[in-house]
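Contents: one structure, followed by commentary.
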Amino acid sequence: MTEHDDIKVNDKRRFKADDDLKADNRNGEEDSSMDDRQDIDASDQGTKNMHEQADGMSNPNFKISFVDLINSLAGTTLIQLGAVADPQTNVIKKDIDAAKQTIDILELLKEKTTGNLNNDESMMLDNVLFDLRMRYVLVLEGKK
């Protein structure tokens, strides 16, 4: 017997992995603890509020556009290339492999959205990809 045998873990999630409501716990007993449910509801509400504030989603009319998505990925790539400081840490740090992967994601988006974008979106994506590819090559060559 080890010193950790007396540890008991209770799963307080309300849903199983397949999104069905959880009716019982691991022992097959009905989970009817009102305190646990209140804790879950309070936790869920706190998490929801935190995400709404962080994402600017408190406005129910807020919708992300394709241009917003491209700008977000481009900004991430600039941080990964060391062209811009990370806004959370205010530190410039290069991650060339991650930058290449993000550029590949943008290329995949271009390929998969061909024929579905308006002219402005298509030109913007082309320009962003060109700029990021050039910056990537310069970083690889050690010029920046």
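Miscellaneous remarks
- Here the Karplus curve 6.51 cos²θ - 1.76 cosθ + 1.60, taken at θ = phi - 60°, turns the phi angles of the range 92-104 into couplings of 8, 9, 8, 9, 4, 4, 5, 4, 4, 5, 5, 5, 4 Hz, with x standing for Gly and Pro.
- Under 5 Å from the amide H of L81 lie the amide H atoms of D95, each residue being 5 or more positions distant or on a separate chain, with H modelled from the backbone and absent for Pro and chain starts.
- Close amide H partners of D86, meaning residues 5 or more places away or on another chain with modelled amide H under 5 Å apart, are V91, I92, K93.
- Computed from backbone phi with θ = phi - 60° and the Karplus coefficients 6.51, -1.76 and 1.60, the 3J(HN,Hα) list for the range 71-85 is 4, 5, 5, 5, x, 4, 5, 4, 5, 5, 7, x, 7, 9, 6 Hz; x is used for glycine and proline.
- Loop trypsin sites (Lys or Arg not before Pro), the range 63-117, which have at most 11 other Cβ atoms in a 10 Å radius of their Cβ (DSSP): K63, K93
- Cut-off 14 Å between beta-carbons: net charge of the residues surrounding T113, Lys and Arg +1, Asp and Glu -1: -3
- Couplings 3J(HN,Hα) for the range 116-124, derived from phi with the Karplus relation 6.51 cos²θ - 1.76 cosθ + 1.60 (θ = phi - 60°), are 10, 9, 7, 4, 5, 5, 5, 5, 4 Hz, where x marks Gly and Pro.
No lab work stands behind these numbers, since they all come straight from the coordinates. As the structure is a computational prediction, the values presented were derived from the model and not from experiment. When we count neighbours, we look across all protein chains shown, and the Cβ atoms used for this are built from the backbone with ideal geometry, even at glycine.
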